[in-house]
Amino acid sequence: MEKIKKDVEKIWKTSISAIETLENLEDIKKFHSTNLGKNSDLSAILRNISKLTISERKEIGQFANKVKENISNNLKQQEEKLRQTLYDKEDSETIDTTISGYKLNTGKTLSIGSIHPISAMIKLIEDTFAVYGFEIAEGPEIETDWFCFQALNIPIGHPARDMQDTFYIKEDELLPRTHTSSVQIRTMQNNAPPIRIIAPGKVYRNENSDSRHSFMFHQFEGLVIDDKSNLKDLSNILQGALKRIFDNENIRLRIRNSYFPFTEPSIEIDCSCIFCDMKGCKICSNKGWLELLGAGMVHPQVLRNVNIDPNKYQGFAFGTGIERLVMIKDRVDDTRLFYENDIRFLSQFRNI
Ligand code: PHE
C-alpha cells in the first residue's frame, strides 16, 4: 500500500515538472494521452490494486484521482500559457497592410488615390435610394433604336429625337444610348411589377464639349411601377433623397410643367439653391432654384409596349445627369474637369 502511494507520488512530481517544459500544443496533447490516458503508468497502477483491502483501495483510488485532477489542471494552465504566447507573437508579427509605401529612392510616402467624384456620387445615389427600397438595374451602353426611343414612345422621325441627337450608325440600328431611360424598358420587360429601380450609367450625345456639355456623361434613372405610386410619392422620395445626397436638411422642391414623350404628365423638378438658401446667387443665376430632374408618370403607351396593363399598373420615372449633381454639390464649374484626369483636381475629392 505504502509503495503504491509512493509510486503515485513519484508520477505526480515528475509529471508536474515535465509539464513546465512542454513547449507546444502538440506536446501537450501527447503528454495528456501518455500520462493521463488508459495506457498511462497511473492507470496501470490503479489496475493492480486488487490485492489491497477495500478501504485501502478506496484510499488509493481517491488519492490517485486527486493526483490525476491536479496533473490535468497543471496541463491546462500550461496550455493556456502557450496559447497566450502564441497570440502575443501573432500580434507582434502582424503586418499593417494599410501603411502606404515609399517612392523609390526619395523617402517620400506614395500618394493614396481617391475615388473619382462621379463614382463617389453614383455610390451615394445608390446607397440613398436603397433606403427607399430601390434596387440597382443596369443596361447596355450600346442600344437598339427600339429600347432607346421607340419603346419610349419616340417613333422614327419623332421631333423629340432632335433633343437627343447621338452617334447614329443608321436609324433603327444600334446606337450609343442617349439616356438611361432605355433601362426602364429593359427592366419592365424582364420583371413583373412591383418595380423599384435606380439605373446609373454612361450616356452619349452628339454635343460639342464646353463647360456644360460633353459627348459622354452619366445619368441615373429611377423607375417605380406598382398599383398606386404617384407624383406625390415621387416628390416625397426625392425630397428625402436629395437632403441626403446634398447633405442639406433645408431642401425644397419645385415642380414645373414639362414634356417627355414617355411620361404623361411630364414634369421638371427644381430644388432650392443649396448655396444661397433661395436668396439668389451666382450658382442659381439669382433665381433661387436649381434645375435638377426630368420626371413624370410613365406613359400608358410605354407600359403597353412592355406588356404591362396600364389599367392595373402605374408609376413614375425620373432621370438626371450625375455630373450636374456633383457640380452643384462640390461647386465644380466645368464638366470637362471630370474627364481630364488632372490629379490636382481629382485629389481635392479625398473621399477614402
Ligand atoms: N431621359 C430624360 C432625359 O435624358 C430624363 C427623364 C427620365 C425624363 C425619366 C422623365 C423621366 O432628358
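The values are calculated or read from the model by the stated rules, or taken from the named source; none is laboratory data. Note that the coordinates shown come from a computational prediction; the quantities given were computed from them, not determined experimentally. Here the Cβ is made from the backbone with ideal geometry for all residues, glycine too, and neighbour counts use every protein chain on show. Quick note on the areas: whole protein, heavy atoms, side chains included, nothing else; ligands and nucleic acids left out. Shrake-Rupley method; radii C 1.70, N 1.55, O 1.52, S 1.80 Å.
Pick out, from the stretch 241-352, the strands (runs of 3 or more DSSP E) lying fully within it that include 1 or more residues that are in the same structural domain as Pro193 (by TED's automatic domain parsing) and of a type in the set (D, E, K, R).
Details: elements: 253-260, 263-272, 289-298, 314-321.
Passing ranges, in order: 253-260, 263-272, 289-298.
Conditions tested, residue by residue: (1) in a loop (DSSP other than H, G, I, E, B); (2) under 30 Å from Arg83 (Cβ atoms); (3) in contact with a strand residue (DSSP E or B) (Cβ under 8 Å, 6 or more places away or on another chain); (4) not acidic (Asp, Glu).
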site	(1), (2), (3), (4)
Lys6	no, no, no, yes
Lys10	no, yes, no, yes
Lys13	no, yes, no, yes
Ser17	no, yes, no, yes
Glu20	no, yes, no, no
Phe31	no, yes, no, yes
Ser43	no, yes, no, yes
Leu46	no, no, no, yes
Lys51	yes, no, no, yes
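From the set of residues in the stretch 260-295 that are within 16 Å of the ligand (Cβ to nearest atom) and without any contact (Cβ under 8 Å) to a residue 24 or more places away in the chain, which is surrounded by the most Cβ atoms within 10 Å (Cβ to Cβ)?
Ranking the qualifying residues of the stretch 260-295, first place goes to Asp270.
Go over the candidates Arg186, Arg161 one by one and state the one that is assigned to a helix (DSSP H, G or I), surrounded by 13 or more Cβ atoms within 10 Å (Cβ to Cβ) and away from the ligand (no atom under 13 Å from the Cβ). Let's see the steps before the verdict.
Numbers: Arg161 fails: away from the ligand (no atom under 13 Å from the Cβ).
Checking each option against the conditions leaves just Arg186.
Given the conditions (1) open to solvent by 100 Å² or more (accessible area, probe 1.4 Å); (2) in a loop (DSSP other than H, G, I, E, B), report the number of the one that Asp96 does not fulfil.
Every listed condition holds for Asp96 apart from (1).
If I filter the stretch 234-242 for residues that are under 28 Å from Ile156 (Cα atoms), within 14 Å of the ligand (Cβ to nearest atom) and surrounded by 16 or more Cβ atoms within 10 Å (Cβ to Cβ), do I get at least one hit?
Scanning the stretch 234-242, I find no residue that is under 28 Å from Ile156 (Cα atoms), within 14 Å of the ligand (Cβ to nearest atom) and surrounded by 16 or more Cβ atoms within 10 Å (Cβ to Cβ), so the answer is no.
Of all residues in the stretch 309-319, which are touching a residue at least 60 places away in the same chain (Cβ under 8 Å) and either open to solvent by less than 10 Å² (accessible area, probe 1.4 Å) or away from the ligand (no atom under 16 Å from the Cβ) (or both)? I'd like the intermediate steps shown before the answer.
Keep residues of the stretch 309-319 that are touching a residue at least 60 places away in the same chain (Cβ under 8 Å), which gives 312-319.
Answer for the stretch 309-319, where residues must be touching a residue at least 60 places away in the same chain (Cβ under 8 Å) and either open to solvent by less than 10 Å² (accessible area, probe 1.4 Å) or away from the ligand (no atom under 16 Å from the Cβ) (or both): Lys312, Tyr313, Gly315, Phe316, Ala317, Phe318.
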